[in-house]
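The values are calculated or read from the model by the stated rules, or taken from the named source; none is laboratory data. Worth saying up front: this structure is predicted, and the values here are computed from it rather than measured. No Cβ is skipped: glycine too gets one built from the backbone with ideal geometry, and neighbour counts run over all protein chains shown.
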């Protein structure tokens with residue numbers, strides 16, 4: 001049954017993504033802060049359909065930690081789910097991502113129109129400079145900057161070293177960091193289209209003040225909070 005439901009949801013996505021992309025591109029002349037509301041609305045609809053078809057709900061705690069002005073978001077990357085959920089909470093937002101995503105038909109075109117910071121991960125210092133320069137610019141324009149600090153999706157229980165780029169952006173731009181943990185990978189796993197019914201838990205953590213912490217402390221403190229919070233919300237023990 002889960003496979004049938006997931007197939008129906010996949011069909012919904014493939015039918016609506018071209019339509020949504022066309023609307024986003026038509027609206028390109030409109031200021032981004034208004035265009036981003038279209039993206040947020042579409043994400044809200046897709047999450048509602050996900051709940052209706054697949055029985056996959058979610059609950060968010062820690063909303064009181066969200067600051068009044070945009071900052072840098074460090075979020076665990078386990079699934080496709082969080083890319084939509086974050087759009088419903090933080091708008092307008094931009095992502096730091098690998099440039100290869102821009103090459104995906106429809107989806108990549110939308111990302112290109114979203115002021116994304118598309119980096120070549122093999123370029124080392126050049127990519128780091130791009131994150132700092134473009135990230136600071138986007139923040140000053142009033143956008144939330146979303147960074148997946150491990151750089152790629154990981155299955156529940158898996159972990160990669162947190163990259164230094166986001167912490168350096170925070171340290172040099174003087175914008176704060178908001179860490180976020182969730183267990184979406186337990187219900188919508190990496191590399192799989194089958195979604196399991198249940199309730200995803202997302203926790204928004206306390207702000208990390210960039211003017212009070214060193215670059216290393218920003219990186220380490222965010223990593224420690226995210227990883228320890230994951231252990232408290234996982235459905236299973238992955239130790």
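Couple of notes before you dig in:
- In summary, residue 226 fulfils each of the numbered conditions (1) out of contact with any helix residue (DSSP H, G or I) (no Cβ under 9 Å at 6 or more places or on another chain); (2) under 23 Å from residue 120 (Cα atoms); (3) part of a helix (DSSP H, G or I) with the single exception of condition (2).
- Residue within the stretch 185-196 that is over 27 Å from residue 139 (Cα atoms) and assigned to a helix (DSSP H, G or I) present: yes
- The stretch 159-172 - residue that is free of Cβ contacts under 8 Å to residues at least 60 places away in the same chain and not in a loop (DSSP other than H, G, I, E, B) and, of those, nearest to residue 147 (Cα to Cα): 167
- The set of residues in the stretch 58-112 being over 16 Å from residue 17 (Cβ atoms), more than 14 Å from the chain's Cα centre (by Cα) and not in a loop (DSSP other than H, G, I, E, B) consists of 58, 59, 60, 61, 63, 64, 65, 99, 100.
- Filter result for residue 38 (without any contact (Cβ under 8 Å) to a residue 24 or more places away in the chain, in contact with a helix residue (DSSP H, G or I) (Cβ under 9 Å, 6 or more places away or on another chain) and either surrounded by fewer than 14 Cβ atoms within 10 Å (Cβ to Cβ) or over 25 Å from residue 168 (Cα atoms) (or both)): yes
- Against the list (1) in a helix (DSSP H, G or I); (2) modelled with pLDDT under 95, the condition residue 237 fails is (1).
- Only a single item in (1) touching a residue at least 12 places away in the same chain (Cβ under 8 Å); (2) not in a strand (DSSP E or B) is not met by residue 201, and it is number (2).
- Complete set of residues in the stretch 14-28 that are more than 12 Å from residue 114 (Cα to Cα) and either touching a helix residue (DSSP H, G or I) at 6+ places or on another chain (Cβ under 7 Å) or exposed (fewer than 14 other Cβ atoms within 10 Å of the Cβ) (or both): 14, 15, 17, 18, 19, 20, 22, 23, 26
- Selected residue (criterion: surrounded by the fewest Cβ atoms within 10 Å (Cβ to Cβ)) from residues of the stretch 122-156 that are within 26 Å of residue 183 (Cβ to Cβ) and in contact with a strand residue (DSSP E or B) (Cβ under 9 Å, 6 or more places away or on another chain): 152
- Flag for residue 139 being at pLDDT below 95 and either more than 30 Å from residue 196 (Cβ to Cβ) or more than 12 Å from the chain's Cα centre (by Cα) (or both): no
- In the stretch 99-114, the residues that are at negative phi form Cβ pairs under 6 Å with partners that are exposed (fewer than 14 other Cβ atoms within 10 Å of the Cβ) and outside any helix (DSSP H, G or I), at six or more places apart or across chains, as follows: 99/120; 113/28.
- Test result for residue 53, in contact (Cβ under 8 Å) with a residue 40 or more places away in the chain and within 18 Å of the chain's Cα centre (by Cα): no
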